[in-house]
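See structure below.
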Amino acid sequence: MPRKLLLLPPLSACSALRVPRARPAASPAMNAARTGYRVFSANSTAACTELAKRITERLGAELGKSVVYQETNGETRVEIKESVRGQDIFIIQTIPRDVNTAVMELLIMAYALKTACARNIIGVIPYFPYSKQSKMRKRGSIVCKLLASMLAKAGLTHIITMDLHQKEIQGFFSFPVDNLRASPFLLQYIQEEIPNYRNAVIVAKSPDAAKRAQSYAERLRLGLAVIHGEAQCTELDMDDGRHSPPMVKNATVHPGLELPLMMAKEKPPITVVGDVGGRIAIIVDDIIDDVESFVAAAEILKERGAYKIYVMATHGILSAEAPRLIEESPIDEVVVTNTVPHELQKLQCPKIKTVDISLILSEAIRRIHNGESMAYLFRNITVDD
């Protein structure tokens with residue numbers, strides 16, 4: 001019986017025939033590492049890490065291991081002390097008085113995490129710095145847009161912030177921005193901590209803040225008052241630079257160019273639109289930094305018969321002599337959130353009270369990591385809040 005010959009393919013063909021290897025099953029620890037998240041603080045000072053610790057306690061997580069310090073030559077150095085590969089990383093950065101150092105800490109940490117192959121890098125910046133410089137002023141620049149571009153270049157893929165000074169700032173970013181609101185916490189404080197708040201009136205210290213004050217008044221079913229004719233210049237009064245080049249005496253004008261003469265603005269004497277006599281006055285705003293305008297508003301409200309004056313704001317920067325001025329003013333209480341560390345100012349002025357907003361920040365982190373909707377955090381929130 002003839003034997004059958006087994007014909008083997010050429011060696012080159014055999015090398016192309018490869019049997020796929022079975023991949024080992026991933027351990028639960030490996031899956032957790034790939035889909036986990038870590039929370040880091042971009043500032044190592046005790047005052048700035050306080051909010052980060054509150055958030056991690058609510059999340060049931062530990063603060064990520066990192067070292068942030070300033071070298072002797074003033075340069076910022078960041079060292080990540082654990083693996084972040086394939087994880088969602090949340091960087092919490094509260095802005096102290098040294099704003100520029102805080103910005104560099106955030107940028108360098110974001111870039112370090114990007115280099116370490118983090119999957120997503122989300123910045124949790126309760127008070128976004130340079131938010132007041134979001135419009136063109138004279139021959140300046142829109143610094144807020146510059147900062148947004150720098151954060152994107154450093155590696156951030158998402159930002160969680162609170163009560164941006166201008167809602168339009170979200171358009172400066174090339175990635176998602178969740179602009180949370182502190183109004184539910186401040187409204188709750190009014191209802192629970194201000195005795196006889198039903199006899200209160202919500203006050204806008206300038207027409208610019210009238211929409212925010214109206215939103216508070218409608219939620220609390222209270223009256224509204226607006227202070228008009230403030231002495232200092234507001235942001236809207238500043239020149240925007242579109243009269244460049246500057247006017248020069250004896251300058252030649254095109255004979256056919258006759259523009260209408262624009263009359264200069266002149267503010268009327270300071271007045272209060274609304275009745276505050278025998279009422280509790282609650283002034284609301286988003287930022288309280290230089291307090292001169294708030295003190296002036298409190299004095300005029302006192303003259304008009306308000307017997308107790310509160311100031312409510314999201315971001316209590318309270319720079320310069322703010323604690324001393326508040327202590328010497330007719331203001332009875334200043335209520336701010338802990339988006340900005342102000343423990344030192346509280347020691348100088350017992351009128352300053354703090355509302356904790358770590359609850360909403362921790363819930364935002366949890367929802368973003370799990371891919372859940374953020375709509376619950378914005379329920380009953382309007383554009384003017």
Worksheet, complete the sentence: 1/(1 + (r/R0)^6) with r = Cβ-Cβ of GLU50 and TYR307, R0 = 41 Å, i.e. FRET efficiency to nearest 0.05, evaluates to 0.75
Worksheet entry | Spin-label model distance (nm) - ARG221 vs GLU299, 7 Å beyond Cα toward Cβ | 3.8 nm
Fill in: Listed pairs LYS135/LYS167; LYS132/LYS211; LYS53/LYS81; LYS135/LYS353; LYS211/LYS351; LYS132/LYS167 exceeding 23 Å between Cα atoms
LYS135/LYS353; LYS211/LYS351
Discussion item. Along the Cα→Cβ direction, 7 angstrom out, place labels at PHE185 and LEU259. What is the inter-label distance in nm?
Written reply: 4.6 nm
Worksheet item: Dividing the convex hull volume of the Cα atoms of segment 36-179 by its residue count, what figure in Å³ per residue is obtained?
Response: 117 Å³
Worksheet, complete the sentence: With R₀ set to 45 angstrom, the calculated FRET efficiency between the beta-carbons of HIS228 and PHE175, to the nearest 0.05, is 0.70
Response to the item:
Taking a straight Cα-to-Cα line shorter than 19 Å from LYS65, and setting aside same-chain aspartates and glutamates fewer than 8 residues away, one finds GLU50, GLU57, GLU79, GLU82, ASP88, GLU105
Worksheet item: If you take the alpha carbon radius of gyration of segment 281-367 and divide it by 2.2 N^0.38 Å, what ratio comes out, to two decimals?
Response: 1.15
Worksheet entry | Net lengthening on full extension, ASN73/ASP290 (0.36 nm per residue, minus Cα-Cα) | 75.0 nm
Worksheet item: If we count every other residue with Cβ under 11 angstrom of VAL355's Cβ, Lys/Arg +1 and Asp/Glu -1, where does the sum land?
Response: -2
Worksheet, complete the sentence: Per the charge dipole of segment 36-179 (beta-carbon charges, Lys/Arg positive, Asp/Glu negative, Cα centre), the residue among MET104, MET136, ASN179 reaching farthest to the positive end is MET136
Practice prompt. For a label point 7 Å from the Cα of THR101 along Cα→C-beta, name the residues of segment 312-350 whose backbone N is under 15 Å from it.
Written response: 341
Practice prompt. Pop a pseudo-label 7 angstrom from the Cα along the beta-carbon direction at both LYS81 and GLU192 and give the gap in nm to one decimal.
Written response: 3.5 nm
Practice prompt. Return the aspartates and glutamates within reach of LYS145: Cα separation strictly under 12 angstrom, same-chain partners fewer than 8 residues apart disregarded; answer none if there are no such residues.
Written response: GLU168
Worksheet item: Charges only on Cβ, +1 for Lys and Arg, -1 for Asp and Glu: so what's the dipole of segment 36-179 about the Cα centre, in debye to the nearest 20?
Response: 520 debye
Worksheet item: How far, in nm, would the chain grow between ARG139 and GLU328 when pulled straight, counting 0.36 nm per residue and subtracting the alpha carbon separation?
Response: 64.3 nm
Worksheet item: Kirkwood hydrodynamic radius (Cα pairs, Å) of segment 330-379?
Response: 13.0 Å
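All of the numbers you see were taken from the coordinates with simple rules; none came from a lab. Predicted model, so just to flag it, every value in this text is computed and none were measured. In this analysis, Cβ positions are derived from the backbone assuming ideal geometry, glycine residues included, and neighbour counts consider all displayed protein chains.
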